Amino acid sequence: QLVYPHDFRLTEKEKTSICYLSFPDSYSGGLGDTQFSFRLRQAGAARTSPFQDDGRYNREAPLTLQREAAHYFGYVYFRQVKDSSMRRGYFQKSLVLVSRLPYVNLFQCLLQLIAPEYFDKLEPCLEAVCNEIDQWPPPVPGQTLNLPVMGVVIQVRIPSRVDKPGSSPVKQCNQENLLPAPLVLPSVHELDLFRCFQPVLIHIQMLWELMLLGEPMVVMAPSPSVSSEMVLALTSCLAPLRYCCDFRPYFTIHDSEFKEYTTRTQAPPNIVVGVTNPFFIKTLQHWPHILRVGELRMAGDLPKQVKVKKLAKLKTLDTKPGIYTSYKTFLHKDKTLIKRLLKGIQRKRPSEVQSALLRRHLLELTQSFIIPLEHYMASLMPLQRAITPWKNPPQIRPFCQEDFMKSLEHAGPQLTCVLKGDWLGLYRRFFKSPNFDGWFRQRHREMSQKLEALHLEAICEADIVAWMKDKSEVEIVDLVLKLREKLVRARCQHLPVKEETLQRVSLYIDTIIGSLPEDLQAVLHH
């Protein structure tokens with residue numbers, strides 16, 4: 001019906017997709033309000049971001065919270081109530097917030113404040129809210145923001161890449177001078193993992209491996225809220241490693257990618273997709289891993305754990321909850337985690353404490369797996385003494401899987417992780433996944449930038465006048481052009497170089513130009 005701000009242009013294809021994704025796609029007799037989220041491939045040409053950002057946010061934010069370039073997230077607040085004045089006997093409406101940021105908690109909290117008011121007062125309410133949001137500061141990693149909206153101040157800290165993984169959010173201060181007292185969100189994005197994973201706690205190891213390897217997976221759930229929470233929980237369990245495959249927290253049969261995912265002529269794509277329509281049991285039964293869950297209820301004791309079943313059992317429409325797969329895990333189950341969580345249930349420990357336990361366990365698992373890779377990758381960096389000012393910096397040595405495997409004997413995950421199992425097999429399979437590719441590219445880019453920065457520093461330390469003594473004009477002009485290019489690149493790519501180093505290189509360039517004949521000086525200054 002309407003888009004705010006009015007000047008934001010969505011393509012017709014995007015509008016249609018958003019409409020279909022904003023409503024439950026299978027019959028839901030439930031009345032009242034529900035919230036869920038979806039993720040949507042951008043259609044049409046790239047659009048500029050409404051706020052100016054030179055990439056600083058993505059450089060400083062954790063990899064898992066970077067702003068998406070080719071996808072939008074949609075956060076939905078759907079209301080269904082009986083209304084005899086409507087043709088279908090129901091009032092059904094959704095308010096959707098579209099963003100490139102994966103801040104599920106912040107945006108769902110915002111919708112809880114805005115949506116009830118909007119259904120009541122309609123457009124004027126959105127106009128007022130948008131005027132307030134326009135005044136919000138941009139999200140700067142590491143900062144705590146106070147965000148006023150509709151008489152409430154939401155206080156939230158934006159995580160930063162330099163935060164220690166697994167540390168609890170920094171206690172927020174400066175509350176005493178805020179009136180009314182702010183609504184403090186402990187995290188912009190972290191879900192209640194314990195609640196989401198309730199029915200699958202004993203299979204957490206298997207699910208972590210499937211995510212790590214980027215395996216195609218379907219989550220079949222009774223509602224969009226359960227499907228989207230489960231998919232987001234699954235993709236978050238590799239943090240701080242970024243999940244580099246595609247994921248759709250909620251997906252409908254009207255989606256433009258429906259044909260692509262249901263075709264039998266090629267293997268299913270590396271994607272986790274959340275669905276609610278029973279029709280998908282038939283169309284996606286050739287996928288290798290299907291997780292079927294019921295409603296998520298917080299029980300006083302350990303809820304019934306789903307069983308791992310053969311895919312052949314999936315034929316019927318009233319499919320029982322379970323993990324339908326023939327996958328065999330590489331690592332053994334961690335019994336201590338389950339025992340600790342069970343003890344927590346018996347002692348009525350709050351859900352957030354249980355979630356923190358679960359998150360810590362997954363973090364330690366991911367770190368045990370990734371640290372040997374990080375160590376090996378660091379060993380491929382050229383020695384600092386090999387970086388000389390007047391030669392191009394040496395190359396990073398190629399990643400050799402067999403050399404890495406040999407390094408595991410004395411520096412493998414067994415040093416930091418008690419879990420036994422076939423770690424080597426897990427690494428071999430990981431090398432074929434998009435997650436390895438994404439991790440490697442990111443690391444390689446960071447190392448190349450570091451090399452470039454070290455090279456600039458080496459140039460600063462060098463005696464440029466001595467070097468110039470026996471050089472021809474052609475060589476000197478060539479050096480000026482190369483240094484200039486380096487300087488431009490350092491500024492454009494925001495290389496990790498001190499500002500004084502850049503200024504010294506700039507000064508060097510001026511000194512060199514000053515030593516040349518006037519006609520050349522004029523050309524170079526030009």
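Near the amide H of residue 39, within less than 5 Å, lie the amide hydrogens of 74, 250, all on another chain or at least 5 residues away, with H placed in the peptide plane.
Straight-line reach from residue 15: taking Cα to Cα under 24 Å and skipping same-chain neighbours fewer than 8 places apart, the lysines in range are 93, 121, 259.
Scanning residues 5 or more positions from residue 271 or on other chains, those with amide H under 5 Å from its amide H are 217, with H placed 1.01 Å from N in the peptide plane.
So if R0 is 45 Å, what FRET efficiency would residue 7 and residue 265 give, r being the distance between their Cβ atoms, rounded to the nearest 0.05? Show your work: numbers first, answer last.
Values: r = 42 Å, r/R0 = 0.94.
Rounded to the nearest 0.05, the efficiency is 0.60.
Counting only DSSP H runs of at least 4 residues, each contributing -39500 (n - 2.57), and dividing by the residue count of the chain, the helix-based mean residue ellipticity at 222 nm comes to -13000 deg cm²/dmol. Overall, the chain carries a charge dipole of about 2780 debye about its Cα centre when +1 sits on the Cβ of Lys and Arg and -1 on the Cβ of Asp and Glu, all other atoms neutral. Phi angles of segment 218-234 translate, via the Karplus equation with coefficients 6.51, -1.76, 1.60 and θ = phi - 60°, into HN-Hα couplings of 10, 9, 9, 10, x, 8, x, 5, 5, 5, 6, 5, 5, 5, 5, 5, 4 Hz per residue; Gly and Pro are given as x.
Calculated from the structure, mean projected area of the Cα convex hull in nm² equals which of (i) 28.1; (ii) 25.6; (iii) 31.6? Matching the structure shown: (iii). Whole-Hz Karplus values for segment 358-366 come out as 5, 5, 4, 4, 5, 4, 5, 5, 4 Hz, taken residue by residue from phi with 6.51 cos²θ - 1.76 cosθ + 1.60 and θ = phi - 60°; glycine and proline positions read x.
Spin-label pair residue 133-residue 467: with each label point 7 Å from Cα along the Cα-Cβ axis, the two points sit 5.2 nm from one another.
With contacts taken as Cα pairs under 8 Å at a separation of at least 6 residues, segment 195-444 carries a relative contact order of 24 percent. Averaged per residue, segment 463-525 has 63 square angstrom of accessible surface, using a 1.4 angstrom probe with ligands and nucleic acids left out.
Can you list, largest first and rounded to whole Å, the semi-axes you get for segment 433-480 by taking the square root of 5 times each eigenvalue of its Cα gyration tensor? Before the final figure, lay out each step's value.
Details: eigenvalues 273, 29, 6 Å².
Calculated on Cα positions only, the semi-axes equal 37, 12, 5 Å.
DSSP assigns beta bridges within segment 195-444; of those with both partners inside it, close to 25 percent run antiparallel.
Taking a sphere under 14 Å around the Cβ of residue 433 and counting the other residues whose Cβ falls inside, with K and R at +1 and D and E at -1, yields a net charge of +1. Compared with the alpha-carbon gap, the fully stretched path from residue 424 to residue 518 is longer by 27.4 nm at 0.36 nm per residue.
The residues of segment 53-134 expose on average 48 square angstrom of accessible surface per residue, using a 1.4 Å probe on protein heavy atoms. Rolling a 1.4 Å probe over the heavy atoms of the protein chains gives segment 353-441 an accessible area of 55 Å² per residue. Remark: relative contact order (the chain) = 12 percent; criterion is Cα-Cα distance under 8 angstrom and separation of 6 or more residues.
The stretch between residue 43 and residue 84 holds 10.9 nm of extra length on full extension. This uses 0.36 nm per residue minus the Cα-Cα distance. A cut-off of 5 Å between modelled amide H atoms, ignoring neighbours fewer than 5 places along the same chain, links residue 184 with 155. Between the beta carbons of residue 390 and residue 506, assuming R0 = 25 Å, the FRET efficiency works out to 0.85 to the nearest 0.05.
Of all the accessible heavy-atom surface of the chain, with the other protein chains kept in place and a 1.4 Å probe, what percent is carbon and sulfur? Working shown, then result.
Numbers: 15380 of 27620 Å².
Accessible surface attributable to carbon and sulfur in the chain totals 56 percent.
Ignoring lysines fewer than eight residues from residue 498 along the same chain, the ones with Cα atoms less than 17 angstrom from its Cα are 450, 486.
For segment 56-66, 3J(HN,Hα) computed residue by residue from phi via the Karplus equation (6.51, -1.76, 1.60; θ = phi - 60°) reads 4, 4, 5, 6, 9, 7, x, 4, 6, 10, 5 Hz, glycine and proline entered as x.
Report the local net charge at residue 421: Lys and Arg +1, Asp and Glu -1, summed over other residues whose C-beta lies under 14 Å from its C-beta. Show your work: numbers first, answer last.
Values: positive: 328, 333, 335, 420, 428, 429; negative: 209, 334, 422.
Net charge around residue 421: +3.
The values are calculated or read from the model by the stated rules, or taken from the named source; none is laboratory data. Bear in mind the structure is a predicted one, so any value in this text is a computation, not a measurement. Glycine also receives a Cβ, built like all others from the backbone with ideal geometry; neighbour counts cover every protein chain displayed. Accessible surface areas use protein heavy atoms only, side chains included; no ligands, DNA or RNA. Shrake-Rupley method; radii C 1.70, N 1.55, O 1.52, S 1.80 Å.
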